[in-house]
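Novice: Please find one structure pasted underneath; my questions will follow.
The values are calculated or read from the model by the stated rules, or taken from the named source; none is laboratory data. Just so it is clear, the model here is predicted, and its values are computed rather than measured. When we count neighbours, we look across all protein chains shown, and the Cβ atoms used for this are built from the backbone with ideal geometry, even at glycine.
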Amino acid sequence: MHPAIHSVGDKIKQERKKQGMTQKALCEGICSQAEISKIENNRNSPTIDLLQQICRRLRIPVTQFFEDEIVAQTLNEIDQKMLRHMREKTYIEMKKDLDNYAKTNRTFEVQALVRYHQQLLEYEKGNNDYRTCISLLLKLVAEEKLIEKSFLLYTRIQMAIAVLYTNHEEFNHSHQIYDDLLKLPYRTREYKKIKMKIMYNYLRNLYRLKRFEEGLQKVELIIEETKELQDLTYLGHFYYQKGFFLESLQATETSIKESYTIAYSFFIATNNHAYQKILETHISDLLLFPIDGSE
């Protein structure tokens, strides 16, 4: 069973059928039936103006189509705050913040995310070992039926479990999780960005498993997908990973330098100073041009 994934087209189709409306009735005076069909089948995306007209015909608010983005933003804000607590080991404050979120935001996603971070907190404090933490996270996924209710949380928790396995050098377990996640459909831009995050970790795992040829094939495919999304941040990371696979396969020096140089350019463009510094400090001899002060 796949997690529930709803693109704009899915939601239009779902709402239209819920109201017993045909495509012909929905599009009359707005656009062609062929256009509605393409939108509902995720081959086209509606303009804002067209979406507003469709919403007026369906008598629903436009905001209904941006719920995933709103939820994702809320979850990301909580995540960033919890990660800061983890880095600074401010566990008492982290528990207080989680308790506060649990009391003040009763949405399903936030409640589940709080439970997720509570389990990670117990692991970080040493109260549970990693296997117990994984077991409790899997229990959360099952109890809340995340595979049916929330694509965002399902993928997030599965990735956390994979990272726990990786951190304890159980790379084959991690690989299976990433492999299963990558079989899911990623239709919207928001979900495609999640796929990039999964691919980044998946490629790191392939490198640890010394599956270099497979890693090179996968990274070249995801680079093309990332170009379509025009996400410069992930492009930098994927070209950086491509350089590692090429080095491991003893490819030509020119191809290795090209990958690292492209990665370096994207790191500069996106102000990714941490990775820019790594390249300048450790791989400057594998760039196509000299760096001032790198000697």
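Novice: Among the residues in segment 136-144, are any free of Cβ contacts under 8 Å to residues at least 40 places away in the same chain, loosely packed, with under 13 Cβ neighbours inside 10 Å and not aliphatic (A, V, I, L, M)?
Specialist: Taking every residue of segment 136-144 in turn, at least one turns out to be free of Cβ contacts under 8 Å to residues at least 40 places away in the same chain, loosely packed, with under 13 Cβ neighbours inside 10 Å and not aliphatic (A, V, I, L, M).
Novice: Follow-up. Restricting attention to segment 5-43, which residues are polar (S, T, N, Q) and touching a residue at least 12 places away in the same chain (Cβ under 8 Å)?
Specialist: Answer for segment 5-43, where residues must be polar (S, T, N, Q) and touching a residue at least 12 places away in the same chain (Cβ under 8 Å): 7, 19, 23, 37, 41, 42.
Novice: If you don't mind, there's one more thing I want to ask. Checking the conditions here, which among 191, 130, 178 is aromatic (Phe, Trp, Tyr), outside the structural domain of residue 229 (by TED's automatic domain parsing) and surrounded by fewer than 17 Cβ atoms within 10 Å (Cβ to Cβ)?
Specialist: Only one candidate passes the filter, namely 130.
Novice: Also: Residues 74, 90: which one is surrounded by fewer than 14 Cβ atoms within 10 Å (Cβ to Cβ) and in the same structural domain as residue 191 (by TED's automatic domain parsing)?
Specialist: Just a single option satisfies the conditions, and that option is 90.
Novice: Among the listed residues 192, 183, 145, identify the single one that is within 18 Å of residue 231 (Cβ to Cβ) and not aliphatic (A, V, I, L, M).
Specialist: Result: 192 is the single residue among 192, 183, 145 that is within 18 Å of residue 231 (Cβ to Cβ) and not aliphatic (A, V, I, L, M).
Novice: Tally the residues that are aliphatic (A, V, I, L, M) and in a helix (DSSP H, G or I), restricting the search to segment 276-295.
Specialist: Residues meeting the conditions: 3.
Here is a yes/no grid of residues against (1) within 27 Å of residue 181 (Cα to Cα); (2) touching a residue at least 24 places away in the same chain (Cβ under 8 Å); (3) assigned by TED's automatic domain parsing to the domain that holds residue 159; (4) in a helix (DSSP H, G or I):
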| residue | (1), (2), (3), (4) |
| --- | --- |
| 215 | yes, yes, no, yes |
| 218 | yes, no, no, yes |
| 227 | yes, no, no, yes |
| 234 | yes, yes, no, yes |
| 238 | yes, yes, no, yes |
| 246 | yes, yes, no, yes |
| 260 | no, yes, no, yes |
| 274 | no, no, no, yes |
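Novice: Which is more than 26 Å from residue 40 (Cβ to Cβ) and either in a helix (DSSP H, G or I) or of a type outside the set (Lys, Arg) (or both), of 191, 200?
Specialist: On inspection, the qualifying residue turns out to be 200.
Novice: Right, something else. Please verify whether residue 223 is modelled with pLDDT under 95, in contact with a helix residue (DSSP H, G or I) (Cβ under 9 Å, 6 or more places away or on another chain), aliphatic (A, V, I, L, M) and in a helix (DSSP H, G or I), treating the condition exactly as stated.
Specialist: Considered against the rule, which asks whether it is modelled with pLDDT under 95, in contact with a helix residue (DSSP H, G or I) (Cβ under 9 Å, 6 or more places away or on another chain), aliphatic (A, V, I, L, M) and in a helix (DSSP H, G or I), residue 223 comes out as no.
Novice: Considering only segment 100-119, state which residues are within 21 Å of the chain's Cα centre (by Cα), at pLDDT below 95 and either within 18 Å of residue 90 (Cβ to Cβ) or acidic (Asp, Glu) (or both).
Specialist: Across segment 100-119, the qualifying residue is only 109.
Novice: Follow-up. Within the bounds of segment 287-294, is there any residue that is under 22 Å from residue 189 (Cα atoms) and either in contact with an Asp or Glu (Cβ under 7 Å, 6 or more places away or on another chain) or surrounded by 12 or more Cβ atoms within 10 Å (Cβ to Cβ) (or both)?
Specialist: No - not one qualifying residue is present in segment 287-294.
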